[in-house]
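Let me begin by presenting the structure, written as structure tokens, before commenting on it.
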Amino acid sequence: MELTNVLCRAANENRCAVVSTRLTRHGQCSALVLEVGGSWDALARMETTLPGLAKKHAFTANVVRSEALESRPQALPYVAYVSAVFRPDILNELCQFFIDHRVELESLTCDTYQAPQTGGTMLNATLTVTLPAGTQISWLRDQFLDFADALNLDALIEPWRPQNP
């Protein structure tokens with residue numbers, strides 16, 4: 001919580017706005033991704049402030065300037081859910097499937113856990129993807145489900161829906 005507070009305060013003090021953020025915990029560490037917007041001089045001040053904050057609060061900061069995402073009005077957002085017995089190759093197989101079908105990855109969340117009934121390690125993955133314009137949705141869905149069956153994955157792909165309609 002302290003890291004989030006420090007960086008959000010710094011953004012505000014430098015006349016920037018936090019546009020989006022993602023925080024995940026990884027064991028004893030956390031990863032925080034902030035998208036910060038503002039005027040060029042406010043962003044430059046924010047970038048200048050980060051090394052001192054990182055040293056003071058013992059975190060590592062990486063800054064990347066990004067252009068806005070190009071508008072893709074004809075693209076279709078979809079979500080793929082996958083659950084399976086954990087194998088180290090599942091994520092790269094999923095990514096390769098979508099690369100082969102020219103589908104863009106927007107976000108990926110993956111967690112493993114111990115199944116209470118068997119004690120085996122399970123994997124849950126959620127991939128938010130963008131289908132290119134002109135994609136035959138029923139064909140892609142069939143291809144994805146056949147792919148999942150071949151790898152013994154419990155999988156579903158459906159249109160993306162807002163969390164808070």
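Given Cα pairs under 8 Å that are at least 6 residues apart, what percent is the relative contact order of the chain?
Relative contact order of the chain: 20 percent.
So, with a 1.4 angstrom probe, what is the percent of accessible area on the chain that is carbon and sulfur?
The nonpolar share, carbon plus sulfur, comes to 53 percent.
If the only charges are +1 at each Lys and Arg Cβ and -1 at each Asp and Glu Cβ, what is the size of the charge dipole of the chain around the Cα centre, to the nearest 20 debye?
For the chain, the charge dipole is close to 740 debye.
Which order do 16, 95 take by accessible area at a 1.4 Å probe, largest first?
In descending accessible area the options line up as 95, 16.
Please list, in order, the residues from the stretch 104-124 whose amide nitrogen is less than 12 Å from a point placed 7 Å along the Cα→Cβ vector of residue 22.
Only 105-110 fall inside the zone, counting backbone N under 12 Å.
How would you classify the chain from its alpha-carbon gyration tensor, with a ≥ b ≥ c the square roots of the eigenvalues: rounded for a/c under 1.5, else prolate if a/b is greater than b/c, otherwise oblate?
Since a/c reaches 1.5 but b/c is at least a/b, the shape of the chain is classed as oblate.
Kindly write out, for the stretch 81-98 in residue order, the coupling ³J(HN,Hα) from the Karplus curve 6.51 cos²θ - 1.76 cosθ + 1.60 (θ = phi - 60°), rounded to whole Hz, with x marking Gly and Pro.
Ordered by residue, 3J(HN,Hα) equals 10, 9, 9, 6, 5, 4, 9, x, 8, 4, 5, 5, 5, 4, 4, 5, 4, 5 Hz.
How much length, in nm to one decimal, is gained on full extension between residue 55 and residue 89, taken as 0.36 nm per residue of separation minus their Cα-Cα distance?
Stretched fully, the residue 55-residue 89 segment lengthens by 8.5 nm.
The values are calculated or read from the model by the stated rules, or taken from the named source; none is laboratory data. Please read these numbers as outputs of a predicted model, since none were measured by experiment. Cβ sites come from the backbone with ideal geometry, for glycine too, and all protein chains shown count toward neighbours. Just the protein is used for accessible areas: all its heavy atoms, side chains included, with ligands, DNA and RNA removed. Shrake-Rupley method; radii C 1.70, N 1.55, O 1.52, S 1.80 Å.
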